[in-house]
1. Applying the selection to region 22-46, what residues are over 17 Å from residue 73 (Cβ atoms) and in a loop (DSSP other than H, G, I, E, B)?
2. What number goes with the only condition from (1) surrounded by fewer than 16 Cβ atoms within 10 Å (Cβ to Cβ); (2) within 11 Å of the chain's Cα centre (by Cα) that residue 31 does not pass?
3. Here are 49, 79, 15, 19: which of them is in contact with a helix residue (DSSP H, G or I) (Cβ under 7 Å, 6 or more places away or on another chain), farther than 19 Å from residue 4 by Cα and not in a strand (DSSP E or B)?
4. Would you check if there is a residue in region 22-31 being modelled with pLDDT of 95 or more and under 21 Å from residue 6 (Cβ atoms)?
5. Would you please list the contacts, defined by Cβ atoms under 6 Å and residues six or more apart or on different chains, that run from a residue in region 42-71 that is without any contact (Cβ under 8 Å) to a residue 12 or more places away in the chain and at positive phi to a residue that is surrounded by 15 or more Cβ atoms within 10 Å (Cβ to Cβ) and not in a helix (DSSP H, G or I)?
6. Those residues that are in contact with a helix residue (DSSP H, G or I) (Cβ under 7 Å, 6 or more places away or on another chain) and either under 22 Å from residue 19 (Cβ atoms) or assigned to a helix (DSSP H, G or I) (or both), I need them from region 52-76; list them, please.
């Protein structure tokens, strides 16, 4: 995984807090015909964590300075334990 351990820890904390706060699970999504990927990215959006690039957009994590959406999705899969 290309995401740094520091950024991963911030993502993990925010996503787990969001899942607890919203009570949403993958089952909620699949019962509506939505995908696991949609669940992962919705949890990221709901977490209100700002993902920046460290150049033009400064965020809580500046992952886009060294990674792309595929790398973020790999981290999200690990955090949410989805495929």
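1. Filtering region 22-46 for residues over 17 Å from residue 73 (Cβ atoms) gives 22-25, 27-28, 30-33.
If the condition is that a residue be over 17 Å from residue 73 (Cβ atoms) and in a loop (DSSP other than H, G, I, E, B), then 23, 24, 25, 32, 33 are the ones that fit.
2. (2)
3. Details: 49 fails: farther than 19 Å from residue 4 by Cα; 79 fails: farther than 19 Å from residue 4 by Cα; 15 fails: farther than 19 Å from residue 4 by Cα.
Checking each option against the conditions leaves just 19.
4. Filtering region 22-31 for residues modelled with pLDDT of 95 or more gives 22-31.
If we keep only those that are under 21 Å from residue 6 (Cβ atoms) too, we end up with none.
No, there is no match, as no residue in region 22-31 is modelled with pLDDT of 95 or more and under 21 Å from residue 6 (Cβ atoms).
5. 54/62
6. Of everything in region 52-76, those that are in contact with a helix residue (DSSP H, G or I) (Cβ under 7 Å, 6 or more places away or on another chain) and either under 22 Å from residue 19 (Cβ atoms) or assigned to a helix (DSSP H, G or I) (or both) turn out to be 60, 61, 63, 72, 73, 75, 76.
The values are calculated or read from the model by the stated rules, or taken from the named source; none is laboratory data. Only a predicted model underlies this, so the values are computations on that prediction, with no experimental measurement involved. Neighbour counts run over all protein chains shown; Cβ positions are idealised from the backbone, glycine included.
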